[in-house]
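Structure, as structure tokens:
The values are calculated or read from the model by the stated rules, or taken from the named source; none is laboratory data. This is a predicted model, so every value here is computed, not measured. Using ideal geometry, Cβ is built from the backbone for each residue, glycine included, and neighbour counts are taken over all protein chains shown. Remember, those area values only see protein heavy atoms, side chains included, never the ligands or the DNA or RNA. Shrake-Rupley method; radii C 1.70, N 1.55, O 1.52, S 1.80 Å.
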Amino acid sequence: MKHATFNIDTASEATILKTSFLPALGLSLADASAEVAIASLLAPGRRKAFFMNAHCCNVMHKDRQYKTAVHCADILLPDGIGVAMAAKMTGQKLEANLNGTDLIPQLLEKAATMGKSVYLFGGTPGTAEKAAMNLLTKIPQLRIAGTRDGYEGATDTAEVIADINNSGADIVLVALGVPLQETWLHRNAQFLDADLTMGVGAALDFFAGNVTRAPLWIRKARSEWVWRLAMEPRRLAKRYLSGNFTFLARAAATTARQASGTAVLRRALDVTVATSALVLLAPVLIGTAFAVKAESRGPVFFKQTRIGKDGVPFTMFKFRSMVQDAEALRGDLLETSDREGVCFKSKADPRITRVGRFIRRSSIDELPQVLNVLKGEMSIVGPRPALPSEVQAYPARAYGRLAVKPGITGVWQVSGRANISFDRMIDMDLAYAGSRTVMLDLIVIALTFRAVISGRGAH
């Protein structure tokens, strides 16, 4: 998952608004609680914010002007179950559903305590005025700077801008419907004096009582669209039935294409690095094989069953760094482990040979795993493959490590290797599995050279 942050200071608090990039939508959406989103929207400075739901994404696919307006917005707020489902297609989970009908009253309550005023622009004649009256009933201290309908009242853009600016409004809510409200703000927000401008869709109709909201239990289930469809089947059938299907199908196809492209690129990186290692390190590989064989009886390579992606076992290769009967002796040494948790590591492990101690410290013992990479069982970068017995003892959250291919190197290896606790190792691996990119893999590969040279945590 990719993140961006905006540092925002208000008079009473410092807020960080995190955004998450959703590959299925090609957009970065606010990934925060309603409280943090509101603090961010009302913080000092000018910003333009839009709500994004499945219908908005469908319109964006067809309307270039609207698409441009969306990509030029300062903040995009996730609205509805469709966007949440699109996020889950790539294993992401947005913190909150920030739909306008719920968020805007909370925002106006906060604005009222800050002495900010609001201008309501849009809806049928009389809707903005009625919405203002109902909002004042619920938020008596709210300052309504002005109202204007979205029909005859919207015909003269220069007059609208002048009226809003003369009102002294700090916040402008534009309810002209998607995509008109966003394109209107894209063209004209720069001429408005207000700090915050927002496209709010049908919000004024809800506030005015023109549209009845779904019962709370339906809203909590994120199924308000079903209620609205039942209320206005003719007008909303295309949007909510064929529209939602189209949106999810397009999001799934986009996710599949991107996943496929990333998978191909990552596999190309794995094969390139593994093949290059075999060629460039051939003298080291051959010399190590002779040294292992010369010091102790037994095979050059150590083969062991490990657990790979999705829990599939495979045979992992290493240069043998221990005496021949090392596995039989492992059970007697578990209490000497230097690491808390289920993964055994011991600096004073008596099974390690002299050659073995050197090739472990220099990580040469791991080099034969390039064969596992070429076979497609491992990647260059990923969580270290665990033993079956270790996986059986995993706490529930640790199974997330198995969502990606295990690697020769990884985030925790370049952060201290055996010096990292089991719990912290799991945290690092889960973070990698949830946000890995080819660029991150390249960074880890580069850091691996530093870790190998330093030898920190290797034993």
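In a DSSP loop and with at most 14 other Cβ atoms within 10 Å, the trypsin sites (Lys or Arg not before Pro) in segment 286-316 are 297.
Classified by the C-alpha gyration tensor, the chain has a prolate form. Its axis ratio a/c, with a ≥ b ≥ c, is 1.5 or above, and a/b is larger than b/c.
Taking the 1.4 Å solvent-accessible surface of the chain as the whole, the part contributed by carbon and sulfur is 58%. Scanning the chain for DSSP H helices at least 30 Å long along the axis (C-alpha atoms) with a Kyte-Doolittle mean no lower than -1.0 picks out 243-280. Karplus-based coupling profile of segment 208-213, in residue order and whole Hz: 7, x, 5, 10, 8, 6, with θ = phi - 60° in 6.51 cos²θ - 1.76 cosθ + 1.60 and x standing for Gly or Pro. Across segment 407-414, coupling constants 3J(HN,Hα) worked out from phi with the 6.51/-1.76/1.60 Karplus curve, θ = phi - 60°, read x, 6, 10, x, 4, 6, 5, 8 Hz, and Gly and Pro carry x. Annotation: per residue accessible area for the chain equals 48 Å², rounded to a whole number [probe 1.4 Å, protein chains only].
Rg/Rh for segment 188-327: what does it come to with C-alpha atoms and Rh from Kirkwood?
1.36
Can you give the helix-only mean residue ellipticity at 222 nm for the chain, where every DSSP H stretch with n ≥ 4 adds -39500 (n - 2.57) and the sum goes over all residues, rounded to the nearest 500 deg cm²/dmol?
-13500 deg cm²/dmol
In the chain, what % of DSSP beta bridges are antiparallel (nearest 5)? Once the DSSP bridges in the chain are tallied, antiparallel ones form about 45 percent.
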